[in-house]
C-alpha cells in the first residue's frame, strides 16, 4: 500500500472518531450545566481546555459560554478540531482513497459531512444542540459499523482501526483529566499529593458525567457499582474489555499494527512497534493506587500518557507515512 493511501485511511478514521468524541464531550457538558453544581464559566472553559484549544478560543472569543463554545467546537471552520472541520477533512481523505473503501462507507461519510454543513448553516447549535450531537454520534458509529461489515480486514482496515483507536485513547484520557480543569487552582493546591478527592454528591455527579461521555456508565456499574473517583479512573484507564478504555484501545491498536508489519508482541522491528508496545506494556502492569498515590497524581499520569501517545503517533508517521528522501529507496513505502 502506498504511504499516502495508508496516511489518508489512518487520518480519515482519526478525524471521524475525533468528531464523535467532541460531540460526546459537548453533550456531557450540557448535562452538567443543567445540574448546576459547577459555575457555567468554569464548566465551558474546562471543555475548551480538555481539547487543548484554549489559546485560540480565548484570543477570538474571550468569553467561555455555551453559545461560543458550541459554535467553536461544532462548526468553526478555522478550528481544525471542530466537528465540521474533522468531517470535512475525513470526507476529503475518503475521496482520495475512494477505491480502498466500500461504497456504503463512502456514502455514510458523505452524508455525515453534508448533515453537519447543513446544520451549521441553520445555526443548529443554538436551537437543537442535543439533536445535532446525537446525530453526529450516530453517524460516526454507523461509519465504523459499515467499515467493519463491508471492508476486507486487510491492511487498509487495520490502518483505519489503528487510527480510530489511537484517537479514542487520547480523547478518553483528556476527558478523564477534566477534573483538573473543574477544580480551581486553590482547591487543587490543598489536596494531598495523590490523595482521594472528596466523594461528595457534586464529585459523584462529575465522575458520572465522565462515564456518560464515554457511554461507560452502564458497563462501569456492572463492574464497580457506586461511582467514585478511584474506580472511574481505574475503569477508564485499565479495563481490558470496555472499548473506550485506554488499555483496550492500545491492545487493539497494537494488534492492528502487528498485523500490518507482521511483527509479534514482545519484540519490535521499527519505532512504531517499540513506542506503542512500550505504552501498552506500561498499562499492562500499572495500578490505579500507584497513580493516585504518586506526587504528580492523576493529572501527571495523564500528561505522561498523552506525551507517550503522541510519540507513538509520530513513530507511526515516520514508519509508514513519511516519504523516503529521493534516492534512499526509489519508491514510496
note = So the helices (runs of 4 or more DSSP H) completely within the stretch 53-155 holding 2 or more residues that are under 26 Å from residue 321 (Cβ atoms) are 83-96, 103-121, 129-150
remark   = Of (1) buried (at least 18 other Cβ atoms within 10 Å of the Cβ); (2) free of Cβ contacts under 8 Å to residues at least 40 places away in the same chain, residue 117 fails just (1)
key: Flag if residue 179 is modelled with pLDDT under 90 and in contact with a helix residue (DSSP H, G or I) (Cβ under 7 Å, 6 or more places away or on another chain)   = yes
request  = Could you please let me know if residue 251 is touching a residue at least 24 places away in the same chain (Cβ under 8 Å), surrounded by fewer than 19 Cβ atoms within 10 Å (Cβ to Cβ) and farther than 14 Å from residue 176 by Cβ?
outcome  = yes
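Would you check if there is a residue in the stretch 212-227 being assigned to a loop (DSSP other than H, G, I, E, B), free of Cβ contacts under 8 Å to residues at least 40 places away in the same chain, outside the structural domain of residue 32 (by TED's automatic domain parsing) and within 28 Å of residue 158 (Cα to Cα)? Before the answer, list the steps.
The first filter runs over the stretch 212-227 and keeps only residues assigned to a loop (DSSP other than H, G, I, E, B), leaving 214-216, 224-227.
Okay, now just the ones that are also free of Cβ contacts under 8 Å to residues at least 40 places away in the same chain, so 216, 224-227.
Adding the requirement that they be outside the structural domain of residue 32 (by TED's automatic domain parsing) leaves 216, 224-227.
Going one step further and asking which of them are within 28 Å of residue 158 (Cα to Cα), we end up with 216.
Looking for residues that are assigned to a loop (DSSP other than H, G, I, E, B), free of Cβ contacts under 8 Å to residues at least 40 places away in the same chain, outside the structural domain of residue 32 (by TED's automatic domain parsing) and within 28 Å of residue 158 (Cα to Cα), one finds at least one in the stretch 212-227, hence yes.
The values are calculated or read from the model by the stated rules, or taken from the named source; none is laboratory data. Bear in mind the structure is a predicted one, so any value in this text is a computation, not a measurement. A quick note on method: Cβ atoms are made from the backbone with ideal geometry, for glycine too, and the neighbour counts reach across all protein chains shown.
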